Amino acid sequence: MTSASPQTSTRSSMILQLLRSIFHLLAVVIVTVWGFLAWPLPFPGILTGLGLLVLSVLLWALFLSPRPVLRVDRFGQALFELLLIAAAVAALLALGVHWAIAAVFGIAAAAVGFVASARAH
């Protein structure tokens, strides 16, 4: 049986990191959209949407980015990733999206994050 070449392994890791980044971006966008739509516009809705955008991007940059500002072990990183995914799933449910779509998003994002994290460490 042949093993995967280093180039194939690197390519699959890059694809997993790309998918993980897409799920993170989608989670930030979903939470931000919920922040804008959950309260009446213009005053509280705009402030809430911008505040949630800043908070989610700040937490992502601190703990989940490819070069995080604060390095934590992989369990801490997984905790912050699951919190971001859970916030996105809750926002989807609050926006009225069918629960099955929110569940598929959450499970897929968590699975990709787990596999990407396991390959990186």
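Before moving on, here are some points about what is shown:
- Over the stretch 13-57, the Kirkwood radius and the radius of gyration, each from Cα atoms, give a ratio Rg/Rh of 1.18.
- Once the Cα atoms are used to define both axes, helix 99-120 deviates from the longest principal axis of the chain by about 40 degrees.
- Over the chain, accessible surface divided per residue gives 66 Å², non-protein components excluded, 1.4 Å probe.
- Cα-centre dipole for the chain with unit charges at Cβ (Lys and Arg positive, Asp and Glu negative), debye to 20: 320
- When the solvent-accessible area of the chain is split by element, carbon and sulfur atoms take up 76 percent of it, the probe being 1.4 Å.
- For the chain, the mean residue ellipticity at 222 nm estimated from helices alone is -27000 deg cm²/dmol, where every DSSP H run of n ≥ 4 contributes -39500 (n - 2.57) and the total is divided by all residues, rounded to the nearest 500.
The values are calculated or read from the model by the stated rules, or taken from the named source; none is laboratory data. Bear in mind the structure is a predicted one, so any value in this text is a computation, not a measurement. Methodologically, a virtual Cβ is constructed for each residue, glycine included, from the backbone with ideal geometry; neighbour enumeration extends over all protein chains shown. Ligands, DNA and RNA are excluded from the accessible area calculation, which covers all protein heavy atoms including side chains. Shrake-Rupley method; radii C 1.70, N 1.55, O 1.52, S 1.80 Å.
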